[in-house]
1. Enumerate the calculated ³J(HN,Hα) couplings along region 48-63 in order (Karplus 6.51 cos²θ - 1.76 cosθ + 1.60, θ = phi - 60°), each rounded to whole Hz, writing x wherever the residue is Gly or Pro.
2. Please report the net charge: other residues with Cβ closer than 11 Å to the Cβ of E75, K and R +1, D and E -1.
3. Taking only protein heavy atoms into account and a 1.4 Å probe, give the accessible area per residue of region 17-59 in Å².
4. So, R0 is 22 Å and r is the distance between the beta-carbons of S14 and E62; what FRET efficiency does that work out to, to 0.05?
5. Taking +1 at the Cβ of each Lys and Arg and -1 at the Cβ of each Asp and Glu, which of H49, S38, Q92 sits farthest along the dipole of region 27-92 towards its positive end, judged by Cα position relative to the Cα centre?
6. At 0.36 nm per residue, and after removing the present C-alpha to C-alpha distance, how many nm does the segment from E77 to D91 gain when stretched out fully?
7. How big is the accessible area of K96 in square angstrom, nearest 10, if you roll a 1.4 angstrom probe over the protein chains?
8. Just grab the label-to-label distance for A36 and E69, each label 7 Å out from Cα along the Cβ direction, in nm (one decimal).
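The values are calculated or read from the model by the stated rules, or taken from the named source; none is laboratory data. Owing to the predicted nature of the structure, the values given are computational and were not obtained by experimental measurement. Cβ placement follows ideal geometry from the backbone for every residue including glycine, while neighbour counts extend to all protein chains displayed. Side chains are part of the model used for accessible areas, which takes the heavy atoms of the whole protein and leaves out ligands, DNA and RNA. Shrake-Rupley method; radii C 1.70, N 1.55, O 1.52, S 1.80 Å.
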Amino acid sequence: MNAQELAQEPQAESLPLPTPDMSGDDLFKLGMMYSAGSGGCPMDRVSAHMIFNLAAMKGSVEARVYRREMSLEMEREEIAEAQKAARRYIDQGVVKLVA
């Protein structure tokens, strides 16, 4: 279950999630929180990868490095799930990419 799905759980309304105003650096920091299970975020590799992907698309070089490293620890299915979740955020306009 990724961050977007976790946020739909009644008890998880306060989970930190990507927002349209977040920069690549902000998203990178959020991804780090999910990768470490800190700052009110559960440890969730799929969500961390998804957020690192969004951060990388917004210009974070660090996020590209961490996303690549995280991919080495994940199953193909997990990576595919993270990529689909990132696409949902983009399609819903929750995260606006730099032109």
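1. 4, 4, 4, 6, 4, 4, 5, 4, 4, 5, 9, x, 6, 5, 4, 4
2. Result for the neighbourhood of E75: -2.
3. 38
4. That gives a FRET efficiency of 0.25.
5. Q92
6. Details: separation 14, 0.36 × 14 = 5.04 nm, distance 2.08 nm.
Gain on extension, E77 to D91, equals 3.0 nm.
7. 120
8. Distance between label points: 1.1 nm.
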